[in-house]
Structures are given as C-alpha cells and as structure tokens.
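The values are calculated or read from the model by the stated rules, or taken from the named source; none is laboratory data. Every value quoted in this text rests on a predicted model; they were computed, and no experiment measured them. Note that we place each Cβ from the backbone using ideal geometry, even for glycine, and neighbour counts take in every protein chain shown. What goes into the accessible areas is simple: the full protein's heavy atoms, side chains included, and nothing from ligands, DNA or RNA. Shrake-Rupley method; radii C 1.70, N 1.55, O 1.52, S 1.80 Å.
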Amino acid sequence: AAPRVLNVNVGVLGHIDSGKTALARALSTTGSTAAFDRAPQSRARGITLDLGFSCLRTALPPQLGPGPGELQFTLVDCPGHASLIRTIIGGAQIIDLMMLVIDVTKGMQTQSAECLVIGQIACQKMVVVLNKIDLLPERKRQSAIEKMTKKMQKTLENTKFCGCPIVAVAAKPGGPEAPESENPLGVSELIEVPAEEYNNKMCLNFALSLLECIVLVSRAEELPAFNVIKKVKSMQMFHTPVTYAMQGDRVGICVTQFDPKLLERGLICTPESLHTIHAAIISLKKIQYFRGALQTKAKFHITVGHETVMGRVMFFSPAPADFNEEIKENVFDFEKDYLYQEEYLSKDSNSENKENDQAGEVQLPKQQWALLEFEKPVTCPKLCLVIGSKLDTDIHANTCRLAFHGVLLQGMEDKNYTETFLPKLKVYKLKHKEGQVERVMDDYSVIGRSLFKKETNIQIFVGLKVKLSTGEDGIIDGGFGQSGKFKIRIPDGLKPDTKMLLTVASKKKSKAGKGDTAKEDEGSKNDSAQPVTISLLFKRYVFDTQKKMIQS
C-alpha cells in the first residue's frame, strides 16, 4: 500500500517584494504547473499575480500516528500587491497555517498588516518569517534580527498569534539575480517549525474535518457555476496519480467534455449539495483596524469563498432587552424580534438605539447580524466565512480596507426573496412622534396637534396609545377638523394640575388673539406655561408589507 500522506496547507503571505515566492521555491521539493510565477503575465511584470502552489514532503512525525507516512506541506504562495487582495483573501481561506513574510530591513508594511488581519480571520496558526537577512551587515546581523524579533512580538501581543514562532532566513541570498548555487540561510530550521505547530490535538481535528469532503475517480461531480454534472476520469496531486482527494488537498482533476478555459476558479461538489444564493443573513464582527462607521445601506465588496461581489448591507441587533443574552453560535432564530440599526454598533458609533447603562458607558449587544443583498448571485456552502471590504479605497492610503467578517447563517435561493423570504425576518424600527395638547374638551378628552401632517390619514392611528408629558395615558380617538388635529381619550381622566395648566395656556392664547399681550412685561412672559407634549411610540417591521404599527 502507498504510504499515507497527511496534507497541511501553508499560506505564504506578506507585503509585495518581501520575498514570498523565493521562500516558496527554497522550501519546495515539487512545484505544480502554477508555481513560482510561471504564468507569462507574472514573468512580464516581475510580480506574483495569482496563487502559486508547490509542496514540501517530510517524514510523518511519530506523534502524528503509527506506521510509515509523509507529512505534505502544500505551500500557497499569495500575491502581495494591494490590488490583488481578492486573491489573497481567497488563498487565506484554504490554509491551515500561515507564514507571514517580513522584509527584515523594512519591518511591518501596509500589506503585511492587511495579511495579518486576514490571518486572524481565516487561520489558527502562524509563523513569522524575517526574510532577506543577507542584506544586513554581518557584524550587526544578529542584533538587527533580535531588534526586529522584539518589534514583531510587540506587534502581535494583542492578536491571537501572540507568542508565535519567529524565524530569520535569507530565501535567496544575493537577490533574484544571484546564481542558483547560493544556498538559502535558515530554511532548514524553518521547515521544522510547521511540524511542531501541528500537535496531536490539531491533527485529530484536522483529520476529522477531512472526512467532510471527498472527491473520487469515476464519481459524478457537479460544477455549480455551470449547473452541469461531469464524471471524474482521473486525478493527480503534484504529478502523482491519485484515486481520491480530500478537503485541503490540491489536485488536478480531469473531467469529461469540459473546456477548462471556462473555469478560472470555482467549486466542485456532490450534485445538489451547494446552493446559489441572492441574499444572506450573516452574524458578524467589525474589524477593529477599519476606520469609520459601518453604515446600513452602504455597499461593500463581499468575499464568499473565492468569489467577490458587490453587496448592500442592513445591520440589526437583538432587541435592547436581549443585549446580554447568550446567542447560540451558527444558528439564526426566525422566531425572535430584532432591532434595525442605522449602523453596526461599536464603542465609537453614533446610533440612537444604543442603550446606556448607569455609568454612562455604551452597552453593546453580544452579537449583531446583517442582511447582505448581492448584486449577482454567489454559490457557497452554509456557515462559510464572509469578509466585507472597501476595495475601492486608494491602495496607497495607509489604511485597512477590510471592514467586517462573519459567518453565513442563512442563504436565500429564491430570486424573489424580497416577497417570499424577507417577510419572515422580524426586524423592526422604533418610531417616536411628538405633538402638543391644544386644548381641553372635557375631563376625559383633549384635542392634540402637530403629531401628524395635514394630509395624514389619521384613521390608521386610531386606537394607538399615547402619553402626555404630565403623565396621563391616552388613546387616539379620531381626527378633529381638516388640519391634522386629533382627539385623544384619557380613560383615567385628566389630573387637576394638568387641567389647570391647559386652562391657563388656552386663556393666554385667547388673550393673544385679542392683541392684549403687547402690554405683557418680560417677567410674565417667562412665567408662561410649558406646553403639554404628546408622545406616540410604536414599532414597525421593516419587511411587513402591510406596514402595521405595533405597540407592546
């Protein structure tokens, strides 16, 4: 039997010109057809334009299981140029471990920081590689490496990668033009690090996740982007024929009667196991380095798997009473009510809906969600990673373009989802209208004004509860005249103080009508009665076609 191969995908990420491709070449024992910038466009421009794949095989360490076997590291060489961030995000989603390559003479640069953010979202383990140590003068080399190591440790101390290994290398001493006979420095030490990072527990989890996805020779598989099913004739992994491939493997797949030029990057799956969706509900978190608010109705570049499309967002949170409630992970409850938000709530957001606690601090919900509406449909599995970015930001601006990340909880396959699906989503807006009491009719009713416009159909508000600023509860009874005024019934009657206040106010008004107020002095003006205000509070569900007004 062939020795078993345990595959680990290692992403090679970093700023442009930090030496990622040279490092991938120095580490690899086998290159694929898409390795080391073999594409003519990459060679012409002298930079990596797409994901490059190569592999390094070592003996399977004894702690990773009995019997002979090999540990295969598939190196995913990601571009470094800012304009290729879509490709970098796609690459980061297929890796188990990340190598962040830093030019030791420059330290962290804009895209190194962006790659670090992507790593924190998509990856559990990281190794920092300080490359180009051959450019440091030999007598100062060690102290310069130590200095940069300390700097990197400081940068990473508040991230999930705090305490990760930092290794110094020169992948291509003398630079790109140097002869091939120049041996890399520090690469053999680097090779040992990823194996150590994969302890027994991680490998067990990894092996279990592999069982979720398998491709077999002779089995029919679907290409969902084209809605076609094709039989797999043969497969190769780094020039070696194989009969099956599992999640995480990189294979070349030969299928019958299909033009490979049609598919640059996409998905292959068991027939009907993936769905094409037009909109989705996601749980999300804002990326702390993104400057500015995340506004409802704003458009973002939404990356789902290897696809990036434009999408519009609507943010919502639990109802304020449920802000502290523990939310089940990766499940969306359609039975609950949710509060519409003008923007994602964070410590620096301006939303009126934020609850304040006694200390005056902003109280934030434990979880927030967004409705994403895509400009063109995407095909993806449920619970996949979603990243929202502002990729139209100037690439020379020293700013993080990644805005939020989340998990896709519910996709909407129906093209007419606004009619068939959205009415099930109980997101409401709180509405608050204010008017004034104009005069008393009797002990149990008053006339109000300034709550509605002249043309408002007051009939739809009849029966809604209101509150007077003096404390009484009232019910809207109907319109009064043609100018938007209305009658309020006070079931428990007006308080004597309120009645007196309103009687004084209306007497002053009638005097003002007769022109007597010219004689009033400043003092009596200041004594004038405060108007009694009327508050109407109700909620309205955003996707309710009947636009019903609801009061608790």
Determine the gain in length on full extension of the stretch residue 254-residue 229; use 0.36 nm per residue of separation and subtract their C-alpha separation, reporting nm with one decimal.
7.7 nm
Mean separation of Cα contacts under 8 Å (6+ apart) over length of the stretch 215-262, as relative contact order %
33
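Under a 1.4 Å probe, what is the accessible area of the stretch 292-337 per residue, stated in Å²? Provide the component values of the computation, followed by the final result.
Numbers: 2280 Å² over 46 residues.
Accessible area per residue: 50 Å².
Using packing as a proxy for protection, rank 483-490, 155-162, 179-186 so that the peptide with the highest average count of other Cβ atoms within 10 Å comes first.
Numbers: 483-490: 18.9, 155-162: 14.4, 179-186: 12.2.
Top to bottom by mean Cβ count within 10 Å: 483-490, 155-162, 179-186.
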Using packing as a proxy for protection, rank 373-379, 314-320 so that the peptide with the highest average count of other Cβ atoms within 10 Å comes first.
314-320, 373-379
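May I ask you to derive the relative contact order of the stretch 216-300, considering only C-alpha pairs under 8 Å and at least 6 residues apart, and to give it as an integer percent? All intermediate terms of the calculation are to be shown ahead of the outcome.
On the way: 91 pairs, mean separation 23.5, N = 85.
Answer for the stretch 216-300 is 28 percent.
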Charge dipole magnitude, Cβ of K and R +1, D and E -1 - the stretch 441-484, Cα centre, debye nearest 20:
280
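With the cut-off at 1.5 for a/c, could you classify the stretch 215-262 from its C-alpha gyration tensor as rounded, prolate or oblate?
Working: a/c = 1.72, a/b = 1.61, b/c = 1.07.
Since a/c reaches 1.5 and a/b is larger than b/c, the shape of the stretch 215-262 is classed as prolate.
For the stretch 241-384, with only Lys/Arg (+1) and Asp/Glu (-1) charged at the beta-carbon, what is the dipole magnitude about the Cα centre, in debye rounded to 20?
With only Lys, Arg, Asp and Glu charged at Cβ, the dipole is about 640 debye.
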Starting with the highest mean, order 405-415, 300-310 by the number of other Cβ atoms within 10 Å, averaged over the residues of each peptide.
300-310, 405-415
